[in-house]
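Q: Please read through the structure below; I'll follow up with questions.
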Amino acid sequence: MSGPAVRAWIGLGCRIALAAILGWAGLVKITEPLVALQAVSAYELLPPALVPIVGYGLPLLEIVLAGFLLAGLLTRQVAIVVIVVMALFIAAVASAWARGLTIDCGCFGGGGQVAAGQTRYLEEILRDLGFIALAVWLTIFPRTRFSLDGRWAADPDPDAEPQEDE
């Protein structure tokens, strides 16, 4: 298998992994909207008027991003949005940690106050950095197997070797 073919298969794995993560996170939050609001509020970063917008909007955004990734549609652009969203998550967790808050991130449901020994800020930041790494791969190598992007590309074959200029 050639380099482009390997990259296309790795990209498929990245797309599926990120779609599963974002879809799961969004679905868990959308099924428990009051818990999601509690999680957003616990960070103490937003004015109360914005908490419902983020609490209800974030799960929808995660689900939409997951759908685009699963379909392989606008892969590079969606990956860039994922990087920004994950960077914001990291900043929020780091802020809570730095301010001495004892909260659960609420990333996959739950959220709100926890005992001091139950925080997992470093794990959450490292996990989100891993998700960023997957999205960076897709930003650099957006051509993946089984994607709608490939259907509409001028050269839809991700196995094709790049053509050299004559």
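The values are calculated or read from the model by the stated rules, or taken from the named source; none is laboratory data. The structure presented is a predicted model; accordingly, all values stated were derived computationally and were not measured. FYI the Cβ positions are ideal-geometry reconstructions off the backbone, even for glycines, and counts take in every protein chain you see. Protein only, heavy atoms only, side chains kept; ligands, DNA and RNA dropped before computing areas. Shrake-Rupley method; radii C 1.70, N 1.55, O 1.52, S 1.80 Å.
Q: From the list VAL35, VAL28, pick out the single residue that is open to solvent by 30 Å² or more (accessible area, probe 1.4 Å), among the hydrophobic types (A, V, I, L, M, F, W, C) and modelled with pLDDT under 95. Before you say what the answer is, go through the steps one by one.
A: Numbers: VAL28 fails: modelled with pLDDT under 95.
The unique qualifying residue is VAL35.
Q: In this structure, is LEU60 within 14 Å of the chain's Cα centre (by Cα) and surrounded by fewer than 16 Cβ atoms within 10 Å (Cβ to Cβ)?
A: Values: within 14 Å of the chain's Cα centre (by Cα): yes; surrounded by fewer than 16 Cβ atoms within 10 Å (Cβ to Cβ): yes.
Here the answer is yes, as LEU60 does meet what is asked.
Q: I would also like to ask the following. For the stretch 82-106, how many residues meet the condition of being open to solvent by 30 Å² or more (accessible area, probe 1.4 Å) and modelled with pLDDT under 95?
A: Of the residues in the stretch 82-106, 1 are open to solvent by 30 Å² or more (accessible area, probe 1.4 Å) and modelled with pLDDT under 95.
Q: Given (1) over 17 Å from ILE132 (Cα atoms); (2) surrounded by 14 or more Cβ atoms within 10 Å (Cβ to Cβ), identify the lone condition not met by PRO47.
A: Failed condition: (2).
Q: When only residues in the stretch 105-145 that are under 14 Å from the mean Cα position of the chain (by Cα) and among the acidic types (Asp, Glu) count, which is nearest to ILE83 (Cα to Cα)?
A: ASP128
Q: Here's something else I'd like to know. Which one of these does VAL114 not meet: (1) under 17 Å from ALA19 (Cα atoms); (2) out of contact with any Pro (no Cβ under 6 Å at 6 or more places or on another chain)?
A: It fails just one condition, (1).
Q: Another question, then. What is the residue count in the stretch 1-20 for residues that are open to solvent by 30 Å² or more (accessible area, probe 1.4 Å) and at pLDDT 95 or above? It would help to see each step written out before you state the result.
A: Applying the first criterion (open to solvent by 30 Å² or more (accessible area, probe 1.4 Å)) to the stretch 1-20 yields 1-3, 6-7, 9-10, 13, 16-17, 20.
From what's left, at pLDDT 95 or above: 6-7, 9-10, 13, 16-17, 20.
Of the residues in that region, 8 qualify.
Q: Checking GLY109 against (1) within 29 Å of LEU12 (Cβ to Cβ); (2) crowded, with 19+ Cβ neighbours inside 10 Å, only one condition comes out false. Which one?
A: Against the list (1) within 29 Å of LEU12 (Cβ to Cβ); (2) crowded, with 19+ Cβ neighbours inside 10 Å, GLY109 comes up short only on (2).
Q: Of the residues ALA66, ALA98, ALA133, ALA79, only one is among the aliphatic types (A, V, I, L, M) and farther than 17 Å from ALA20 by Cα; which? Walk me through how you get there before you give the answer.
A: On the way: ALA66 fails: farther than 17 Å from ALA20 by Cα; ALA133 fails: farther than 17 Å from ALA20 by Cα; ALA79 fails: farther than 17 Å from ALA20 by Cα.
Of the residues listed, the single one that is among the aliphatic types (A, V, I, L, M) and farther than 17 Å from ALA20 by Cα is ALA98.
Q: I'd like the residue in the stretch 123-136 that is open to solvent by 70 Å² or more (accessible area, probe 1.4 Å) and either acidic (Asp, Glu) or touching a residue at least 24 places away in the same chain (Cβ under 8 Å) (or both) and, out of all such residues, is nearest to PHE108 (Cα to Cα). Write out each step before concluding.
A: Filtering the stretch 123-136 down to residues open to solvent by 70 Å² or more (accessible area, probe 1.4 Å) leaves 123, 126, 129.
Add one more test, that the residue is either acidic (Asp, Glu) or touching a residue at least 24 places away in the same chain (Cβ under 8 Å) (or both), and what stays is 123, 129.
On the way: GLU123: 14, LEU129: 16 Å.
Top of the filtered list is GLU123.
Q: Quickly run through the stretch 25-45 and pick out the residues that are among the small types (Gly, Ala, Ser) and either closer than 13 Å to LEU58 by Cβ or not in a helix (DSSP H, G or I) (or both). Break it down into steps so the answer makes sense when it comes.
A: Step one: list which residues in the stretch 25-45 are among the small types (Gly, Ala, Ser), which gives 25-26, 36, 39, 41-42.
Correct list: ALA25, GLY26, ALA36, ALA39, SER41.
Q: If we keep just the residues of the stretch 14-56 that are aromatic (Phe, Trp, Tyr) and out of contact with any Pro (no Cβ under 8 Å at 6 or more places or on another chain), which is farthest from VAL93 (Cα to Cα)?
A: Taking the stretch 14-56 as the starting set, the residues that turn out to be aromatic (Phe, Trp, Tyr) are 24, 43, 56.
Retained after the next criterion (residues that are out of contact with any Pro (no Cβ under 8 Å at 6 or more places or on another chain)): 24, 43.
Working: TRP24: 19, TYR43: 8 Å.
So, considering only residues that are aromatic (Phe, Trp, Tyr) and out of contact with any Pro (no Cβ under 8 Å at 6 or more places or on another chain), the one farthest from VAL93 (Cα to Cα) is TRP24.
Q: Give me the pairs: first residue in the stretch 141-157 and over 11 Å from LEU74 (Cα atoms) and among the basic types (Lys, Arg), second residue modelled with pLDDT of 75 or more and open to solvent by 70 Å² or more (accessible area, probe 1.4 Å), beta-carbon distance under 8 Å, and six or more apart or on different chains, which are they?
A: ARG145/TRP9
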